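Visitor: One structure, as C-alpha cells, below. Some questions next.
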Amino acid sequence: MSYAFDWGTAVADHWPVWLLTFVLIVAAVVDAIRMRVPNWLTFPLVAGGWAYSAAMFGWEGLGWSLLGTVVGFGLLFPAHVIGGMGAGDVKLFAGVGAWLHATQTLHAFCVSAIVGGLFAVLVVAWCGQWRKHWLQFQMIFFEIVTIRDPQALSAMAAERKSSMKLLPYGISIMLGTIVYLGWSGQLI
C-alpha cells in the first residue's frame, strides 16, 4: 500500500501553524521593503493567538498564550531598548509567542538568532566591508559591557544608525520560526 500525502488535510489539521507562517511571510516582505513591521500586522497576530488559545484550550490555553507573548516580547525587548532592533520586530515575536506558547517560542528564538547571525554575515559579505562592520561590532559590544545604561546605549545607536547596514530582522524571525516549525514536524 502506498501512502499519498494530502496537503489539504495537512493544512486543515495544522491551520494555526500555517496561518502563523503566512503572517510571518507577509511581515518579512513588508520589513524587507519598508524596514519596519507595522502594527496592523502585529496587533492582530497577538490578539488572534490569545483568542485561538482561549477558544481551543480555555483559560489554561489563554494563560499559555499570554506567557508565550511575554517570553517572545521579553527575548527581543532588551535589544530594542538599547537601539539594536525595531519595536515592530519585538511585537512580531510577541505574536509568535501568542501562537506557539513559551517553550516553542524559546526554541523558535534560538533558531531565529542563528538565522539572524548568518543573515548578518551574508549581508556584510555582500557589501564587502568586513573591517568596518567588525570594528562596529567590537565597539557596540564594548559599549554594552561597559556602559550598561539603556538610554545612553540607545542614544549612541541612534547616532551611528546612518553609518550602519540595517537588517530587516523580520526576515530572520520568519525564517527561523518556519525552520523550527518544519524541523519539529508542526507544518505537516
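Visitor: Please find, among Ser112, Ser154, the residue that is in contact with a helix residue (DSSP H, G or I) (Cβ under 8 Å, 6 or more places away or on another chain) and closer than 18 Å to Trp183 by Cβ.
Guide: The conditions single out Ser112.
Visitor: Are there any pairs, at least 6 apart or on different chains, whose C-beta atoms fall under 9 Å, with the first in the stretch 64-88 and without any contact (Cβ under 8 Å) to a residue 40 or more places away in the chain and the second among the charged types (D, E, K, R) and outside any helix (DSSP H, G or I), and if so, which?
Guide: Ala87/Arg36
Visitor: Another question, then. Look through Phe73, Phe93 and report the one residue that is open to solvent by 30 Å² or more (accessible area, probe 1.4 Å) and not basic (Lys, Arg).
Guide: Phe73
Visitor: What is the residue count in the stretch 10-51 for residues that are outside any helix (DSSP H, G or I) and open to solvent by less than 20 Å² (accessible area, probe 1.4 Å)?
Guide: 2
Visitor: Also: Identify, by number, the condition in (1) at pLDDT below 95; (2) exposed (fewer than 15 other Cβ atoms within 10 Å of the Cβ); (3) within 21 Å of the chain's Cα centre (by Cα) that Tyr3 doesn't meet.
Guide: (3)
Visitor: I've got another one for you. Out of everything in the stretch 123-162 that is in contact (Cβ under 8 Å) with a residue 24 or more places away in the chain and more than 16 Å from His80 (Cα to Cα), what residue ends up being surrounded by the fewest Cβ atoms within 10 Å (Cβ to Cβ)?
Guide: Cys127
Visitor: If I ask for residues that are open to solvent by 30 Å² or more (accessible area, probe 1.4 Å) and of a type in the set (A, V, I, L, M, F, W, C), which ones from the stretch 100-114 would you list?
Guide: If the condition is that a residue be open to solvent by 30 Å² or more (accessible area, probe 1.4 Å) and of a type in the set (A, V, I, L, M, F, W, C), then Leu106, Phe109, Cys110, Val111, Ala113, Ile114 are the ones that fit.
The values are calculated or read from the model by the stated rules, or taken from the named source; none is laboratory data. Everything numeric here is computed off the predicted structure, so don't read it as measured data. Don't worry about glycine lacking a Cβ; one is built from the backbone with ideal geometry, like all the others, and counts go over all protein chains shown. SASA here: full protein model, heavy atoms, side chains in, ligands and nucleic acids out. Shrake-Rupley method; radii C 1.70, N 1.55, O 1.52, S 1.80 Å.
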